[in-house]
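Trainee: Mind having a look at this structure? Questions to follow.
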């Protein structure tokens with residue numbers, strides 16, 4: 001009886017999964033490109049990209065959240081400093097996607113580990129999240145095209161109140177109840 | 001709930017009216033005013049600030065999955081110096097009424113090793129400790145001295161700058177000085193990497209099965225919406241406003257993702273449920289979806305804590321449509337004993353990642369590995385205690401046998417074959433040759449299986465109980481084939497006794513008992529070995545039975561048990577797998593304590609075979625036979 005029962009199984013690698021991490025970084029890079037209309041905006045998104053990459057490298061949630069926040073801030077800054085509307089809207093989508101996919105990579109890594117086969121789940125999440133973003137972006141840009149003549153302030157106001165109301169409702173909605181809010 | 005419905009209805013109405021207004025301006029009764037827009041922006045900003053402030057400062061929450069791949073590592077004895085000191089043998093009464101402080105404990109330990117290894121009287125030893133004359137190490141000497149000894153300038157400076165670190169350092173050096181008196185050197189041998197300690201999950205599915213939980217995956221997205229609205233309105237940037245709408249989309253996605261009830265079943269198959277220890281067993285798991293679409297299933301199979309996964313992964317991520325199933329397989333290395341696969345743990349998430357549900361599916365599977373008996377190649381040094389049965393243990397009396405013993409006068413009735421005919425021819429005297437009589441003995445192999453024995457010199461290596469069991473499995477058949485009656489018993493909270501006997505079926509019974517009896521193969525947890533254990537054990541023990549005890553000899557109790565058994569006429573031989581290490585001061589102190597116990601036992605005439613890790617059992621036995 002020597003040490004023959006100890007074999008080469010090391011600790012489980014619980015760092016973020018490769019596929020989602022890569023997709024998250026790609027989304028972050030797209031955000032940086034789309035925000036390259038002002039130095040402040042580009043700086044913020046690049047910093048966000050860096051922090052996000054760092055967070056994925058070390059496998060921690062808080063840098064990923066902060067990185068996502070910086071990406072969003074960069075997009076808002078670009079929008080304020082005169083980026084085209086479509087770039088701003090798409091940039092917001094990619095920024096939120098980067099945060100979403102990064103968090104997915106972390107969660108999968110933590111629960112299943114990097115070695116486990118998870119690509120089909122990751123791809124499905126990525127496609128679904130991207131579809132949600134595009135599903136909002138395309139109609140929004142379309143409505144804007146249609147009404148590009150003279151947007152009546154009253155209509156904009158009405159729509160804004162709708163958005164605000166929906167935020168209030170959504171914040172109260174319980175994802176556990178599983179019913180449409 | 002009602003208020004929410006009203007809000008939703010109002011939202012939809014407003015949405016329709018505004019759309020109509022976009023297409024044909026003037027239909028809406030809503031007043032249009034730039035000032036109102038700014039006001040909405042301000043409200044949004046305020047709401048954003050409030051939401052950001054009241055939001056819980058926690059990131060996403062996830063169900064944790066255990067490290068099922070790794071077997072539970074052995075603990076190295078001596079993690080807690082205080083605990084080692086508390087049960088340090090000997091010298092208990094030297095410091096009457098002394099407190100239980102660490103310093104007093106160390107004083108007691110120092111006196112104990114000084115009396116044992118330097119031959120000092122307890123009084124003299126105590127005086128040496130009090131005066132600091134017992135060691136060359138000035139830090140150690142000062143630490144245990146009764147009064148302050150003069151210290152060097154450097155030591156004073158160090159004490160002034162970092163009083164705590166100085167104390168810790170003195171403590172460590174004192175421990176090492178004590179261990180050195182007992183012959184334990186710093187890093188005598190370096191057992192493996194101490195960094196390999198892993199937390200393995202002992203809690204499979206802690207009672208939360210089936211409960212759906214929020215993951216807070218999208219925490220913070222509504223703040224993004226509000227910030228976009230506020231910035232967009234206040235700075236009049238339509239792009240930022242629309243970006244806010246995108247964020248609303250994600251917030252809605254997070255909240256209203258499709259929910260279906262999860263209904264899964266799992267089946268597990270092993271290619272061999274009764275392998276030999278060390279064999280690779282391939283495990284195949286199939287998880288089938290019997291409910292609606294499951295976009296994200298995170299599956300972790302319930303590998304027994306005692307088994308290590310050697311190939312493949314017991315984890316799998318899968319998406320399953322209705323009726324679909326996923327199959328994956330991995331390999332575990334069988335270890336002796338009975339191991340139970342728990343149910344498969346599944347974490348089911350929704351598409352949006354916003355909720356997850358933990359499930360335990362499938363049943364338990366049992367795998368039993370019984371090792372073949374591989375007799376040890378050396379003879380086991382037993383104590384002399386013959387029975388009336390013929391066997392191979394040499395005795396001190398003459399008679400029939402092989403080895404020459406004595407010559408004596410012929411007595412009528414002596415066998416013709418044993419008469420020394422050469423002498424008869426030479427001198428005419430009739431003499432009879434006496435041979436060393438060989439007799440069988442009755443032996444019970446006693447294995448120390450208490451939880452205190454479940455320690456090893458290295459977290460990755462087998463612990464002392466496993467090594468004891470391995471040795472028992474080899475000694476048992478060896479003694480049987482030498483003609484002894486051999487029994488097996490466990491020293492621990494669980495009852496296990498196989499009375500000494502011989503024969504093939506007894507051999508088989510012993511083999512199964514060692515491999516599968518829960519007394520050996522499950523950690524009893526807190527040491528619940530009753531104080532009456534010795535009494536009950538002696539009642540079961542037949543007369544004229546000797547014992548071979550397999551124990552790491554880590555606590556005084558096992559020494560007391562040995563002494564009691566000796567006193568009741570049961571000679572004991574101890575085979576002791578050494579589980580101590582020399583990595584930290586506590587571990588070195590533990591080694592010193594164990595050495596003290598070994599010395600004590602040897603002084604009372606009990607042979608102790610010290611079995612260091614990494615050496616074959618045969619070598620230890622050979623050394624013992626050679627020194628007799």
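Any read-out appearing in this document is the output of simple, stated calculations on the displayed coordinates, not a laboratory observation. Everything quoted here is computed from the prediction, not taken from an experiment. Please note: Cβ atoms are built from the backbone with ideal geometry, for glycine as well, and neighbour counts cover all protein chains shown.
Trainee: Can you tell me the order of B:354-362, B:121-129 when each peptide is scored by its average per-residue count of other Cβ atoms within 10 angstrom, highest first?
Mentor: Going from most to least packed, we get B:354-362, B:121-129.
Trainee: Once you average over the residues of A:102-114, how many Cβ atoms of partner chains fall within 10 Å of each Cβ?
Mentor: 6
Trainee: I've got another one for you. Within the range B:442-627, what percent of beta bridges assigned by DSSP are antiparallel, to the nearest 5?
Mentor: The answer is about 10 percent antiparallel.
Trainee: What Kirkwood Rh does the range B:502-569 have if only Cα atoms enter the pairwise 1/r average? Answer in Å.
Mentor: Result for the range B:502-569, one decimal place: 14.3 Å.
Trainee: Still on this structure, please answer the following. How long is the gain from residue B:263 to residue B:364 if the chain were fully straight, where each residue apart is worth 0.36 nm and the alpha carbon distance is subtracted?
Mentor: Taking residue B:263 through residue B:364 to full extension adds about 34.5 nm, to one decimal.
Trainee: Tell me, in nm to one decimal, what length is gained between residue B:416 and residue B:538 on full extension, where the rule is 0.36 nm per residue of separation less the Cα-Cα distance?
Mentor: Extending this stretch completely gives an extra 39.5 nm.
Trainee: Within 10 Å, count the other beta carbons around each residue, average over each peptide in A:107-118, B:420-431, and list them highest first.
Mentor: Highest-to-lowest ranking by the protection proxy: A:107-118, B:420-431.
Trainee: Give me the inter-chain shielding for A:87-93: mean count of other chain Cβ atoms within 10 Å, whole number please.
Mentor: That average works out to 6.
Trainee: List B:282, B:306 from most exposed to least, where exposure is judged by having the fewest other Cβ atoms within 10 Å.
Mentor: B:282, B:306
Trainee: Another question, if that's okay. Taking square-rooted eigenvalues a ≥ b ≥ c of the alpha carbon gyration tensor, is the range B:442-627 rounded, prolate or oblate, where a/c under 1.5 means rounded and, failing that, a/b exceeding b/c means prolate?
Mentor: It is rounded, given that a/c, with a ≥ b ≥ c, falls under 1.5.
Trainee: Once a ≥ b ≥ c are taken as the square roots of the eigenvalues of the Cα gyration tensor of the range B:264-369, is the result rounded (a/c under 1.5), prolate (a/b larger than b/c) or oblate (a/b not larger than b/c)?
Mentor: Prolate is the answer for the range B:264-369, as a/c is 1.5 or above and a/b outweighs b/c.
Trainee: Still on this structure: Where does the Debye-calculated log10 I(q)/I(0) of the range A:18-149 sit at q = 0.09, 0.10, 0.12, 0.15 Å⁻¹, using only Cα point scatterers of equal weight, no solvent?
Mentor: Debye intensities relative to I(0), on a log10 scale: -0.26, -0.32, -0.45, -0.67.
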